[in-house]
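Beneath this line is the structure, given in structure tokens, with notes to follow.
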Amino acid sequence: MNDRINTYYPSLTKSEQKVALCVLKHPVDIIYFSVTELADFAGTGETTVMRFCRKIGFKGYQDFRLSLAQSQTYRKTDIAEENFDMDNEHDITRTVYHNMLDILHSSMGLLDHSELGRAIACLDQAGYVQFLE
């Protein structure tokens with residue numbers, strides 16, 4: 001969830017950024033807030049909260065709140081797994097694996113399949129492609 005918010009943050013209005021910062025700083029509290037309570041907490045209007053939710057890819061506030069709650073569940077699982085034995089390669093490998101899965105899952109939620117298709121078509125039609133550092 002943090003990745004998604006941080007990705008969209010620069011394109012948000014100042015009021016929407018207030019909502020984003022509240023969510024980033026207080027995610028556990030926010031999952032229990034109504035749209036009105038979040039708007040009051042962020043110092044914005046309910047309409048701003050709804051625009052924020054749609055801009056970062058959710059259908060509405062309930063969809064956003066559900067995803068936020070699920071991301072908190074994943075974080076609690078990660079924290080529990082961090083109590084591993086550094087000498088145990090299996091624990092380290094499992095933790096890295098789960099962290100990578102979370103990153104991939106988050107990235108898939110941000111992927112615009114139509115834009116990806118257009119990019120692939122452009123690369124496919126190109127005579128050559130250069131990669132520069």
Selection from the stretch 20-33 of residues under 15 Å from S67 (Cβ atoms), over 14 Å from the mean Cα position of the chain (by Cα) and assigned to a helix (DSSP H, G or I) yields V28, I30
Taking the stretch 6-33 and the residues there that are β-branched (V, I, T) and either surrounded by 20 or more Cβ atoms within 10 Å (Cβ to Cβ) or out of contact with any Leu (no Cβ under 7 Å at 6 or more places or on another chain) (or both), the one that is farthest from Q72 (Cα to Cα) would be T13
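Read-outs: derived from the displayed coordinates by stated rules, not from any lab. All values reported here derive from a predicted model rather than from experimental measurement. Counting neighbours? That spans all protein chains shown, and the Cβs are built from the backbone with ideal geometry, glycine included.
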